[in-house]
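Single-structure report; data block below.
The values are calculated or read from the model by the stated rules, or taken from the named source; none is laboratory data. If you're wondering where the values come from, they're calculated on a predicted model, not measured in any experiment. Cβ placement follows ideal geometry from the backbone for every residue including glycine, while neighbour counts extend to all protein chains displayed. Only protein heavy atoms, including side chains, enter the accessible area calculation; ligands, DNA and RNA are left aside. Shrake-Rupley method; radii C 1.70, N 1.55, O 1.52, S 1.80 Å.
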Amino acid sequence: GNIRALGIVVSLDRVNARLTEINGVSSGGTGPCHVAVDHTGRCVFAANYSGGSAASFHVGEDGRLSKAVSFFQYTGHGPNKDRQEKAHAHRVTVSPNNRFLMVNDLGLDMIHIYKLDAKTATLTPNEPAAWKSAPGEGPRALQFHPNGKWAYCVTELKSTVDVLHWDGE
């Protein structure tokens with residue numbers, strides 16, 4: 001058959017200069033390409049590029065990852081038939097105040113925005129639920145300025161940097 005295996009997110013323990021696996025859990029989709037940790041160290045997020053999805057996980061006291069607490073499967077496509085034939089979650093970014101998670105979606109020309117409950121790693125869609133780039137840009141990376149007021153989005157398909165104003169509320 002043509003079955004593709006789901007990706008895995010792995011928790012590692014670092015002792016001296018060695019890493020040992022604590023546990024691994026399904027990322028919920030194929031092709032996980034980016035992982036991020038929130039500011040408390042208790043929430044982990046994964047972007048699944050090929051699978052067009054994102055997931056959140058809770059980190060236990062022992063460093064073990066829970067199964068996915070929240071999972072979002074994206075559908076649709078962008079105007080570039082070769083590169084945007086479906087959703088491609090590319091990056092997960094925690095807001096400076098640890099209250100939101102952004103998921104860059106190269107395939108859908110948007111950044112999905114979620115409210116984050118850092119005690120449980122639960123994500124709920126924000127209002128507005130997304131920021132949309134110009135068609136065909138392919139938002140790939142996102143980085144906040146240290147002042148927490150601006151964010152910079154690098155687009156892969158148009159090779160631009162979009163400067164965004166961030167309202168942490």
PRE reach from VAL37 (point 7 Å along Cα→Cβ): which of the stretch 135-156 fall under 19 Å by backbone N? 144
Value in Å of the Kirkwood radius, where the chain supplies the Cα pairs that are averaged: 16.3 Å
Under 5 Å from the placed amide H of ASN23, counting only residues 5+ away or on other chains, we find SER11, LEU65
The stretch 117-169 pair-distance distribution - Cα-Cα, 5 Å bins, rounded %: 4, 17, 21, 21, 21, 10, 4, 1
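Taking 0.36 nm per residue of sequence separation and subtracting the Cα-Cα distance, how much length would be gained by fully extending the chain between ASN97 and ALA141, in nm to one decimal?
On the way: separation 44, 0.36 × 44 = 15.84 nm, distance 1.89 nm.
Extending this stretch completely gives an extra 14.0 nm.
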Residues of the chain: accessible area per residue with a 1.4 Å probe, Å²: 54 Å²
Once amide H atoms are placed 1.01 Å from N in the peptide plane, what residues at a sequence separation of 5 or more from ALA87, or on another chain, have their amide H within under 5 Å of its amide H? GLY76
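With charges only on Cβ, +1 for K and R and -1 for D and E, what is the dipole size of the stretch 21-169 about its Cα centre, in debye, rounded to 20? Intermediate results must be reported in sequence, preceding the final value.
Numbers: 14 positive and 15 negative charges, 14 e Å.
Computed charge dipole of the stretch 21-169: roughly 60 debye.
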Straight-line reach from LYS132: which aspartates and glutamates have Cα under 14 Å away, leaving out those fewer than 8 places along the same chain? ASP105, ASP109, ASP162
Please list PHE45, PHE72 in order of solvent-accessible area, largest first, computed with a 1.4 Å probe with all protein chains present. PHE72, PHE45
Whole-Å distance, taken between Cα centres, linking the stretch 155-169 and the stretch 42-70: 25 Å
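Grab the beta carbon distance between ASP117 and ARG64, set R0 = 25 Å, and tell me the FRET efficiency rounded to 0.05. Spell out each step's value before the answer.
Numbers: r = 19 Å, r/R0 = 0.77.
Efficiency for this residue pair is about 0.85.
May I ask you to compute the full-extension gain from LEU164 to LYS149, defined as 0.36 nm times their residue separation minus their alpha-carbon distance, rounded to one decimal in nm? Working shown, then result.
Values: separation 15, 0.36 × 15 = 5.40 nm, distance 0.85 nm.
That works out to 4.6 nm of additional length.
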